[in-house]
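Peer 1: For reference, the structure I am asking about is given below.
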Amino acid sequence: MCYHADELTYRTINVMQQFLFLFQHSTSHASGNWAWLGIATGEGNAEQLQEMLAKQADNTQVVLLIPSEEVILTSADIPAKQASQIQAAAPFVIEEQLACDPSKLQVSSKRFQNTDKLVQIAAVSRTYLQQCLQRLAALEIIPEQAYADSMSLPVPATDEILIHPQSSERLLLRWGKNQGTAIATELLETWLPMLLSENPGITKIQLDSSTATVQSLESRLNKATALEVINAQLSINSAEGYAQAVNLLSGDFRPARGSLNASDWRWPLRLLAASLVLVVASALVSYSNDKRQLQQLDSNIETIFRATFPKVQRIEDPLIQARQQISMLAAGNSDRSSLIALLQEFTPAVKQYPNVILKALDYRNGKLEIRLQAGNIEMLENLRDAIKQQGISASLSSASLAKEGVDARLLLSVAGQP
């Protein structure tokens, strides 16, 4: 059974009947719209969703699918064995990949088997996740689980990658247990070779043949790679199928239960709200003292920073600036492919575009991937060309529409470097 809405296609084969999968439309759609599949299939605004839910059984379990553009999926080697120790360590392990404070992210992690060397990690903005859950809470819905929508594809074999055209402009990809993403269709030829070079174990591609765009995609794939392309019918995961992905609803986002019947938690929630009021009132009493202590702490940090790095004239973020200074001292700034050298080539170009917002940096093996946001794709292409004029190889690895423009990933490396 297939469902078509705004060119989005959802396959719902073998979905357990007591589960409802909710998909929040990507930012290119109306912010109030939802799509759903499982025990019922359709799309609509909040009122239509609530009307549909009213017809379902009280024990219906809800799974929330979040646009993959909002989710970081990665893995890391964490020696800890206890789940609580792994969860506590995960935010610090991925800190070097981020340009923001890890405390602003909801980070979930899981080692699926004791024999697995790597811990799988998923992270999303706490604010974004909270907004999604609040919208559902207003409808008396508590999701039991939440995943990146790329995890809705089946778990691929270790030597393959799955590609599903969710629309004419957006592709879902999944490889490995907890590895996947969504990219703009137009970036497939540029992005796929980079992914395959980083994952040499992938030897074949499974392309979902259930959509009208499969022939054009197969042609583009043959141009981008020599790997075997297999046409297949990809079905959306059943509830058990998500067992190989990391649930974002962990820690303080873990729900008491994922049922549509809210009567059993409504009163405890009200008691919790009353408790929060008391906590806030108590916090306000000591607010002025805390503020003075924070100001004193900021002053101490600035004093220590200036004493350690006297050549830095302007202090904006002492932690990030200190890391940059240490990296420059350690590398001697002699390697043109070092993080500092690549940033020095990037900075003059990006200054020409004050509306470009940097979100995250990921530096590995002489290559720097920058997550950023711009007003439009043309601005990103102009920035890329400006960087190339510095003698640096620059390419857009992905780009997708966001609320305030276009989110993209820009890959920098020394020209000619493998």
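Where a number appears in this text, it was derived from the coordinates with a stated rule and is not lab data. All of these numbers come straight from a predicted model, not from anything done at the bench. Here the Cβ is made from the backbone with ideal geometry for all residues, glycine too, and neighbour counts use every protein chain on show.
Peer 1: Contact order normalised by length for the stretch 155-233, with contacts defined as Cα pairs under 8 Å and 6 or more residues apart; what percent is it?
Peer 2: 31 percent
Peer 1: Would you mind putting 186-199, 34-47 in packing order, based on average other-beta-carbon counts within 10 Å, highest first?
Peer 2: Those peptides, ordered most packed to least, come out 34-47, 186-199.
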